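Below is one structure, written out as structure tokens, with a few remarks after it.
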Amino acid sequence: MLTQRDLTRSETELIWQIDRSEEIRAVYHCQADQWVLQPEEYHLHGWPAGEPEKYASLLLESFDRGGWFHAFFDEDKFVAAAVLDHRLFGERRDMLQLIILQVGNGYRGTGLGKTLFTLAKAKTREWGGKWMYISATPSEHTIAFYRSQGAILASPPDPQLFEFEPEDMHMICAV
């Protein structure tokens with residue numbers, strides 16, 4: 001039985017328990033502000049080496065700023081999560097960053113991602129944001145999901161976030 005709830009600070013590390021395994025056949029690249037899909041194969045089994053360490057302090061800082069950490073559980077198994085930072089940024093200070101939206105293998109295509117994204121958009125509006133900033137893995141499936149939710153390329157991408165995740169696709173979505 002699936003349940004959902006906000007996470008406590010000590011539970012933020014549970015995010016790394018999500019089964020991120022995936023067979024990727026194509027990835028997007030941004031060329032001249034256009035989506036370009038190219039065949040590339042990757043077999044992901046777990047989180048990339050060093051990623052939990054790279055994000056651990058970022059997640060705790062976001063939590064301490066009042067960030068929103070919401071998750072789905074299947075019984076005791078952690079299966080999906082979204083993290084929205086509570087810091088407005090951008091030229092007009094009207095964007096909030098969706099730091100993580102991850103749905104585990106075996107739970108994709110069930111509506112959990114859409115539910116988390118919809119909740120994150122509502123939280124963005126509640127906190128005074130007009131846009132959600134998304135830096136996402138460029139896999140075909142991931143980008144197709146965000147595009148289906150109304151995300152467009154960030155032009156230009158936020159310089160600091162781009163420097164932190166230069167391989168990602170940087171997008172914004174009106175809320």
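To the nearest 500 deg cm²/dmol, what mean residue ellipticity at 222 nm is calculated for the chain from DSSP H runs of n ≥ 4 alone, each contributing -39,500 (n - 2.57), summed and divided by the residues? Value at 222 nm, helices only, nearest 500: -7500 deg cm²/dmol. The stretch between D33 and M1 holds 7.3 nm of extra length on full extension. This uses 0.36 nm per residue minus the Cα-Cα distance.
Among the trypsin sites (Lys or Arg not before Pro) within segment 1-51, not one is in coil by DSSP while having at most 16 neighbouring Cβ atoms inside 10 Å. Here the Karplus relation 6.51 cos²θ - 1.76 cosθ + 1.60, evaluated at θ = phi - 60°, turns the backbone of segment 38-49 into coupling constants of 10, x, 8, 10, 9, 10, 7, 10, x, 7, x, 3 Hz, with x for every Gly and Pro.
Summary value for the chain: 21 percent relative contact order, contacts being C-alpha pairs under 8 angstrom separated by 6+ residues. Under 16 Å between alpha carbons, and skipping anything fewer than 8 positions from K77 in its own chain: which aspartates and glutamates qualify? Candidates past the 8-residue exclusion: D6, E11, E13, D19.
What the Cα convex hull of the chain gives, in volume per residue, is 112 Å³. Between K77 and R92, the contour length at 0.36 nm per residue exceeds the Cα-Cα span by 1.4 nm. Packing order of peptides 122-130, 81-89, highest average first: 81-89, 122-130 (average count of other Cβ atoms within 10 Å over each peptide's residues). With the Kirkwood sum run over all distinct C-alpha pairs, segment 1-103 has a hydrodynamic radius of 15.6 Å. Using Cβ point charges alone (K and R +1, D and E -1), the dipole size of segment 2-174 about the Cα centre works out to roughly 760 debye. Summarised as an ellipsoid, segment 93-146 has semi-axes of 22, 13, 8 Å, derived from the eigenvalues of the Cα gyration tensor scaled by 5 and square-rooted, with the largest first.
Give, in nm to one decimal, the length gained when the segment between E165 and H45 is fully stretched (0.36 nm per residue of separation minus the Cα-Cα distance). Mind dumping the intermediate values first?
On the way: separation 120, 0.36 × 120 = 43.20 nm, distance 2.00 nm.
My answer for the length gained is 41.2 nm.
Laboratory data are not the source of any read-out in this text; all were calculated from the coordinates shown. Worth saying up front: this structure is predicted, and the values here are computed from it rather than measured. Virtual Cβ from ideal backbone geometry, glycine too; neighbours counted across all protein chains shown.
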